[in-house]
Structure formats: C-alpha cells, structure tokens
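Chemist: First the structure, which I've put down as structure tokens, then a few questions once you've had a look.
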Amino acid sequence: MRTGEAVVIKVQRPHIVERIKEDLGVLYGLAGIIEQYIPESRPYNPHSMVDEFFKTLELETNFIVEANNIRRIAKNFENDSSVKIPHAYIEFSTPKVLVLEKIDGIPFSDQEKLRAAGIDREKIVHVGGKAFFKMVFRDGIFHGDLHAGNLFILPDNRIGVVDFGVVGRVSQKTKDSIANMLLALATEDYEMLTYEYLDLAPYNSKVNQDQLTREIRDLIAPYFGMRFKQVNFGKLLLDSTAIAARYGIVMPSELMLFFKGIVTIEGLGRTIIKDFDVLSFAMEFAEEIVKNRYDVGRMAKDLAVVGRDTSSLLAALPRQLKQLMRKLNSNDFAVDINVSQIEELRKSIQTSGSLQYLGLVIAGLTIASTMALNMGKGPHFYDMPLISLAGYSAAFFFGVIAFYNYMKR
C-alpha cells in the first residue's frame, strides 16, 4: 500500500463464473435423473442439494460479500489476541478483486515447519477448536471451510484465519437446538435428539418419530460409554442426519455446514493429538448456552418478544373479528372444504356406479335374450333366434368393457 502495509490481492479467474454455471447445469440435469430413476435418493432431495451448492458458489465468487464476512468476524475477535483475522480493504475491493492485510505465518498444513519452529501444536489445536465454537455459539456466524490451508500459525501460538467465502449463520433458536443435540449425545437422550431434528426441519406429518428414535439409538448406542476421543464424533452426527433424511426430514443448510465444520476440526485435531476430543470443546459452549437460556436478561428479552407479538395480536383481533362477522352474514357466504384424497374417492364412486350400471344392462340383455330363445320366433342362425344372438353378443361386449374398467381401477 502507499502507506506501507503489505497486502494480499485475491483475483477471480477469468470466466470462472460462466464455467461454474455450465457445470451446475450438468449437476441439475443429473439431480433430475437421479430423483426420477432412483427413488431411494428422493428423501435426500438432490435438486435442493444442487440449489444450496449454487447459492454457496454464488456468494463465494462475490468478493464484496467475502470482505463483509471478514469485517464482521474480525470485529467479533477484536478483543481476542489468540486469533488474527486479516483486515479487508473494502474500499479497494470489487466483486472480482479482494484486497487483504497480509498475514505472515506458517501454514497449518506444513507440519514439518511447525515442528522446526518449535510451535506448541497441541495448544494451537485447542485455540483453533475454541475459536470455532466461539464463532458458532457466541457470534452466530462461523467459518464454513476451516481446513488446514486456511489456517496460519503466528508467533506466540496465535492462529491466523483466511478465506471467508463460505460462512454459516445460526439463529438463537438454532444455537439452542445444537446445544441440546450435543447434550443429548452426551447423556444418551435419543428422544431429545430426534425432537431437535424435527423442530429444526420443516413440518412433516408423515414422520414416524418412534421409529426414527429407534434408528438413531441403534446408530449411537454402541458408542455410548466410550470416550468421544475414541469415536469419530463428526461422522456420527452426519450419519444421524442421513437417517433423518430417509424419513423426509430436511436439515437446514447451516446445521449441515456446522456438522461439516466439526468433521474438519476433528480431523485437524487428530493429526496433532491422537486422542483429540472435540466434544469436550463443544460441551463447554453448549452448557453455557443452556445456562444463558434461563438468564434474567435472556428471559426478559423473550418476554418482550412475546409481549410485542401479543400486543399486535390484540390490536388486530377486533378488525379480524369484524371482517369475519361480515363474511358470515353475507348472502353469498360459502365454506370450501378440501378433503385429502377426495378426488380418488370421487373417481372410485364414479367407477363403481358405472360398473353397477353395466351390470344391470348385461343382466337385462341376458334375461331378454334367454326369453327370446324360448319363444323361438323370427329368423334363426343355426337354430338360434337372431335377436337372442344379438342380445348375447351385446351382453358379452358390455361384459368385456366392465371387466376392463374393473381391472383398470
């Protein structure tokens, strides 16, 4: 910079957005084919997965968005000396060019240099793990791609973090649910874990909650009693969401990004500490979230929201009741009732009526033809009255139609 600061300039590859869109078009086509011809894939909703991928890439290729992500997370860590977030020069950045403060450090991926520099790698793992869970539980915005290439080790066992193209955002409700999930895993409370999945996902009346709880219990129970440092905790969470997906439960993308982050943190930690226990870091913050739920300030805030919503409801209620009474008293008032599967019921009744009608016609033709046969009058064909032959033929024809309609039903 003219003022002397060293910077890093991140420049978008030419025509990369067009190439990404072409590749995504192929993925959309494949997702449609998979959903059509592989029914087992439908609970995972491949088309929505490609949609989420598209949204992520769209944000990741806009460097102004990334610069703002950096600005927000840097502000959250401005009082934490153990984590260094580079300054983003937003005034010099564009959607295709990002100007960042340069961080001088050793890449976390270069383990040989870390050993040679005498870095306390175990302390670095603890700092990184706590930083991730602080972002999730304290700030509600976290790095969504925290692999070794995005981490730099600075003097005094500090961590520098770069590449904020992918970030996750969690609401207070989601933070509460994640905390409950972690506590459920730690206490073997499978019903709570199932409930949190159902509470976070869009409502689905077809979910068999008891069966889902049993499947999650069968997945996790064999590991209960073992120390979580002996278990791939992140994979366990992802496997439980895969079970939920089979029941048509669609997990929010931010929750899946959090689980992916845990898998990454766990993998990084175990490259340094063989018995690294990621759950111990998570539980520290999860327990704090649960305690804060009953904090006076939090409860007062929740009560204020309830009071505001109640006040709005009471203010609108008289007008709504007045409109309802006017509608009830109008001459053209009618109630439309939509019954599930009513169309199938209508078709079934219609088909049954048609079959009964054809049955009566066939019976009438058969009886009339038999009576004409006994009378023996009129022209004959091989000793059979033509009128009887015509009647029997018509009865047979209508019988074929009735059988066809019955089989089609």
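Residue by residue, here is whether (1) in contact (Cβ under 8 Å) with a residue 40 or more places away in the chain; (2) more than 27 Å from L59 (Cα to Cα) holds:
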site	(1), (2)
G168	yes, no
S171	no, no
I243	no, yes
P252	yes, no
M256	no, no
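Chemist: For a quick check of your reading of the model, give me the residue pairs whose first member lies in the range 134-151 and is surrounded by fewer than 21 Cβ atoms within 10 Å (Cβ to Cβ), whose second is among the aliphatic types (A, V, I, L, M) and part of a strand (DSSP E or B), with beta-carbon atoms closer than 6 Å and at least 6 apart or on different chains.
Modeler: I141/V167
Chemist: Working only within the range 24-52, note down all residues that are surrounded by 11 or more Cβ atoms within 10 Å (Cβ to Cβ), among the acidic types (D, E) and either at pLDDT 90 or above or over 16 Å from M251 (Cβ atoms) (or both).
Modeler: Residue satisfying the conditions is E35 alone.
Chemist: Please find, among Y247, Y203, Y223, the residue that is among the aromatic types (F, W, Y) and over 30 Å from T56 (Cα atoms). Write out each step before concluding.
Modeler: Values: Y247 fails: over 30 Å from T56 (Cα atoms); Y203 fails: over 30 Å from T56 (Cα atoms).
Answer to the check: Y223.
Chemist: Quick check on my filter: what residues within the range 138-175 are touching an Asp or Glu at 6+ places or on another chain (Cβ under 7 Å) and among the aromatic types (F, W, Y)?
Modeler: F164
Chemist: Looking only at the range 154-180, filter to residues that are of a type in the set (A, V, I, L, M, F, W, C) and within 16 Å of the chain's Cα centre (by Cα); which one of those is farthest from S48 (Cα to Cα)? Let's see the steps before the verdict.
Modeler: Just the residues of the range 154-180 that are of a type in the set (A, V, I, L, M, F, W, C), to begin with: 154, 159, 161-162, 164, 166-167, 170, 178-179.
Then drop every residue that is not within 16 Å of the chain's Cα centre (by Cα), which leaves 170, 178.
On the way: V170: 20, I178: 22 Å.
Restricting to residues being of a type in the set (A, V, I, L, M, F, W, C) and within 16 Å of the chain's Cα centre (by Cα), the top hit is I178.
Chemist: Quick one: is V127 touching a Ser or Thr at 6+ places or on another chain (Cβ under 8 Å) and closer than 17 Å to H143 by Cα? Break it down into steps so the answer makes sense when it comes.
Modeler: Values: touching a Ser or Thr at 6+ places or on another chain (Cβ under 8 Å): yes; closer than 17 Å to H143 by Cα: yes.
Here the answer is yes, as V127 does meet what is asked.
Chemist: Could I ask something else about it? Taking the condition under 25 Å from E254 (Cβ atoms), more than 27 Å from the chain's Cα centre (by Cα), of a type in the set (K, R) and outside the structural domain of T271 (by TED's automatic domain parsing), does R71 pass? Full working, then the answer.
Modeler: Numbers: under 25 Å from E254 (Cβ atoms): yes; more than 27 Å from the chain's Cα centre (by Cα): yes; of a type in the set (K, R): yes; outside the structural domain of T271 (by TED's automatic domain parsing): yes.
Answer is yes for this residue.
Chemist: Right, next: Could you tell me which numbered condition G168 fails, if it satisfies all but one of (1) part of a helix (DSSP H, G or I); (2) under 19 Å from A286 (Cα atoms); (3) modelled with pLDDT of 85 or more?
Modeler: (1)
Chemist: Here's a follow-up. Does the range 4-15 contain any residue that is more than 26 Å from K102 (Cβ to Cβ), among the basic types (K, R) and not in a strand (DSSP E or B)?
Modeler: Let us first name the residues in the range 4-15 that are more than 26 Å from K102 (Cβ to Cβ), namely 15.
Remaining after also requiring among the basic types (K, R): none.
Taking every residue of the range 4-15 in turn, none turns out to be more than 26 Å from K102 (Cβ to Cβ), among the basic types (K, R) and not in a strand (DSSP E or B).
Chemist: Kindly check whether there is at least one residue in the range 223-238 that is touching a Lys or Arg at 6+ places or on another chain (Cβ under 6 Å) and touching a residue at least 24 places away in the same chain (Cβ under 8 Å).
Modeler: Narrowing the range 223-238 to residues touching a Lys or Arg at 6+ places or on another chain (Cβ under 6 Å): none.
For the range 223-238, residues touching a Lys or Arg at 6+ places or on another chain (Cβ under 6 Å) and touching a residue at least 24 places away in the same chain (Cβ under 8 Å): absent.
Chemist: Can you tell me which residue among L268, L255 is at pLDDT 80 or above, more than 24 Å from the chain's Cα centre (by Cα) and either under 22 Å from I141 (Cβ atoms) or assigned to a loop (DSSP other than H, G, I, E, B) (or both)?
Modeler: On the way: L255 fails: more than 24 Å from the chain's Cα centre (by Cα).
It is L268.
Chemist: What number of residues in the range 47-71 are touching a helix residue (DSSP H, G or I) at 6+ places or on another chain (Cβ under 6 Å) and farther than 19 Å from F152 by Cα?
Modeler: Let us first name the residues in the range 47-71 that are touching a helix residue (DSSP H, G or I) at 6+ places or on another chain (Cβ under 6 Å), namely 47, 50, 52, 54, 57, 59, 61, 65, 67.
Subsequent filtering for residues that are farther than 19 Å from F152 by Cα retains 47, 50, 52, 54, 57, 59, 61, 65.
Matching residues across the range 47-71 total 8.
Chemist: Determine if the range 103-124 includes at least one residue that is in contact with a Leu (Cβ under 9 Å, 6 or more places away or on another chain) and part of a helix (DSSP H, G or I).
Modeler: Applying the first criterion (in contact with a Leu (Cβ under 9 Å, 6 or more places away or on another chain)) to the range 103-124 yields 103-109, 121, 124.
Next, only the ones that are part of a helix (DSSP H, G or I) stay: 121, 124.
There is at least one residue in the range 103-124 that is in contact with a Leu (Cβ under 9 Å, 6 or more places away or on another chain) and part of a helix (DSSP H, G or I).
Chemist: Regarding the range 2-23, can at least one residue be identified that is touching a Phe, Trp or Tyr at 6+ places or on another chain (Cβ under 6 Å) and under 23 Å from L257 (Cα atoms)? I'd like the intermediate steps shown before the answer.
Modeler: Narrowing the range 2-23 to residues touching a Phe, Trp or Tyr at 6+ places or on another chain (Cβ under 6 Å): none.
Within the range 2-23 (the criterion being touching a Phe, Trp or Tyr at 6+ places or on another chain (Cβ under 6 Å) and under 23 Å from L257 (Cα atoms)), the answer is no, since none of the residues qualifies.
Chemist: Report whether or not A31 is over 19 Å from the mean Cα position of the chain (by Cα), assigned by TED's automatic domain parsing to the domain that holds D104 and assigned to a helix (DSSP H, G or I). Steps first, please.
Modeler: Working: over 19 Å from the mean Cα position of the chain (by Cα): no; assigned by TED's automatic domain parsing to the domain that holds D104: yes; assigned to a helix (DSSP H, G or I): yes.
No: the conditions fail for A31.
Chemist: Can I216 be described as hydrophobic (A, V, I, L, M, F, W, C), in a helix (DSSP H, G or I), closer than 30 Å to A148 by Cβ and not assigned by TED's automatic domain parsing to the domain that holds A131?
Modeler: On the way: hydrophobic (A, V, I, L, M, F, W, C): yes; in a helix (DSSP H, G or I): yes; closer than 30 Å to A148 by Cβ: no; not assigned by TED's automatic domain parsing to the domain that holds A131: yes.
No; evaluated as a whole, the condition is false for this residue.
Chemist: Another question, if that's okay. I'd like the full set of residues that are touching a helix residue (DSSP H, G or I) at 6+ places or on another chain (Cβ under 8 Å), among the aliphatic types (A, V, I, L, M) and modelled with pLDDT of 90 or more, limited to the range 72-123.
Modeler: Result: I73, V83, I85, A88, I90, V97, L98, V99, L100, I106.
The values are calculated or read from the model by the stated rules, or taken from the named source; none is laboratory data. Everything quoted here is computed from the prediction, not taken from an experiment. A quick note on method: Cβ atoms are made from the backbone with ideal geometry, for glycine too, and the neighbour counts reach across all protein chains shown.
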